[in-house]
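Student: Handing you a structure now.
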Amino acid sequence: MPAPVVEAPPRLAAPREHVATKVARRRRRRRRATGYLYLLPMVALVGVFLLYPAVKTVWVAFTDATGTSAGSFVGVDNFSRLVKDPAFRTSVRNTVYWVIGALVLQVGLGLLLAIVLSNMRAGDWLKRVFYLPATLSGAAVGVIWFYVFNPDNGLLTSLLNTIGLDSLTTRWLAEPPVNTFAMIFAAMWQGLGPAMILFLVGLQNLPREPIEAARVDGAHGLRLFWHITFPLLRPMTAVVVAITMINNFKVFDLIWVMTQGGPYRSSETLAVTMYRESFVSFSIGYGASVAVVLTLVVLLLSVFYLRSMFRRVEVNQ
């Protein structure tokens, strides 16, 4: 008698919901992987041209590298030398002058111009005029203002002599700290336009309801600006101040064209000192230590300022 045939139990079909979930999960993984692939070139560029040089600079700062040799590890000797170096102290003082001058002139005048031009009929044309210097390179601005401040036949000296104020003439680029103040003014001429444009963008995007309500309550002019407009403008002010501060900490090309940090290193900033020590004196390790100090100062000040500014904005809201 033949053995009975045992039929296999029918296979249960997977629920449609489970299959759909697996397909959706697979698509999500594929989409995420595609996004990472698009990010990969930029991550590689940042790693090669930013992260690796930064780590390398920190390492070189602890060596006595000269450019022709890798040097040996010297610990914190370079940083101890910075504290005792009078040229470094001078560059720190000049850098402080640059940052304060830029904040007062570029940010202050940029805000004032933005307010004035936003209410003028010819404001569009004047905006272009004030922004035009920003299209020039720092080296070109340095050449222009070098001839303006030339003590022999420069434009400023000739103008003062013509109007009978020759007693006010001086060696603009050779007398410290006048040389530093002259270059700060030249940098302000170049950086005023971007600050003005950013403030104009901020003014155009302000909510109108609080301003109109304040006007109905009788606030006008300076009172309206100080108590209503300026607090609403604080986020954009934080951005402008941060950009201006960072740009003036690292200013180099304008100074190098106008004075090369002279005379006798009296107009150097930290960026110029870093360049001179690294590529003129070939003290690569010492120059790298200046770069590390400059980077840490800019980073700490920027983080502290932005956090405090935006925290104040959140409290006011």
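The values are calculated or read from the model by the stated rules, or taken from the named source; none is laboratory data. Note that the structure is a prediction, hence the values are computed from the model and not measured. Backbone-built Cβ (ideal geometry, glycine too); neighbour counts: all protein chains shown.
Student: How many residues does the range 74-110 hold that are without any contact (Cβ under 8 Å) to a residue 60 or more places away in the chain and outside any helix (DSSP H, G or I)?
Tutor: Keep residues of the range 74-110 that are without any contact (Cβ under 8 Å) to a residue 60 or more places away in the chain, which gives 75-77, 80, 83-86, 89, 93, 96, 100, 104, 108.
Add one more test, that the residue is outside any helix (DSSP H, G or I), and what stays is 75-76, 85.
Number satisfying all stated conditions: 3.
Student: Something else: Looking at the range 270-291, can you tell me whether even one residue there is in contact with a Lys or Arg (Cβ under 6 Å, 6 or more places away or on another chain), in a helix (DSSP H, G or I) and either surrounded by 20 or more Cβ atoms within 10 Å (Cβ to Cβ) or charged (D, E, K, R) (or both)?
Tutor: For the range 270-291, residues in contact with a Lys or Arg (Cβ under 6 Å, 6 or more places away or on another chain), in a helix (DSSP H, G or I) and either surrounded by 20 or more Cβ atoms within 10 Å (Cβ to Cβ) or charged (D, E, K, R) (or both): present.
Student: Same structure again: Determine the pairs where a residue that is at pLDDT 85 or above, located within the range 31-58, has a partner that is part of a helix (DSSP H, G or I) with Cβ atoms under 8 Å apart, the partner being 6 or more residues away or on another chain.
Tutor: Short answer, once both residue conditions are applied: ALA54/THR295; THR57/ALA288; THR57/ALA291; THR57/VAL292; VAL58/ALA288; VAL58/VAL292.
Student: Looking at ALA102, ALA122, ALA134, can you tell me which residue is within 24 Å of PHE181 (Cβ to Cβ) and modelled with pLDDT under 90? Give the steps one after another, and end with the answer.
Tutor: Numbers: ALA122 fails: within 24 Å of PHE181 (Cβ to Cβ); ALA134 fails: modelled with pLDDT under 90.
Residue meeting the stated conditions: ALA102.
Student: Being under 30 Å from SER167 (Cβ atoms), β-branched (Val, Ile, Thr) and in contact with a Phe, Trp or Tyr (Cβ under 9 Å, 6 or more places away or on another chain) is the filter here, so list the residues in the range 103-151 that pass it.
Tutor: Within the range 103-151, VAL141, ILE144, VAL148 qualify.
Student: Output the number of the condition that SER167 fails; it satisfies all remaining conditions of (1) closer than 22 Å to ARG307 by Cα; (2) out of contact with any Lys or Arg (no Cβ under 8 Å at 6 or more places or on another chain); (3) surrounded by fewer than 17 Cβ atoms within 10 Å (Cβ to Cβ).
Tutor: For SER167, the exception is condition (1).
Student: Would you point out which residue out of ALA213, ALA242, ALA219 is farther than 24 Å from LEU126 by Cβ and in contact with a His (Cβ under 8 Å, 6 or more places away or on another chain)?
Tutor: Values: ALA213 fails: in contact with a His (Cβ under 8 Å, 6 or more places away or on another chain); ALA242 fails: in contact with a His (Cβ under 8 Å, 6 or more places away or on another chain).
ALA219 is the lone residue from the list that is farther than 24 Å from LEU126 by Cβ and in contact with a His (Cβ under 8 Å, 6 or more places away or on another chain).
Student: Enumerate the helices (runs of 4 or more DSSP H) found wholly within the range 111-204, keeping only those where 1 or more residues are in contact with a Pro (Cβ under 8 Å, 6 or more places away or on another chain) and aromatic (Phe, Trp, Tyr).
Tutor: On the way: elements: 123-131, 138-148, 155-162, 178-204.
Because the criterion is at least 1 residues that are in contact with a Pro (Cβ under 8 Å, 6 or more places away or on another chain) and aromatic (Phe, Trp, Tyr), the helices (runs of 4 or more DSSP H) in the range 111-204 that meet it are 123-131, 178-204.
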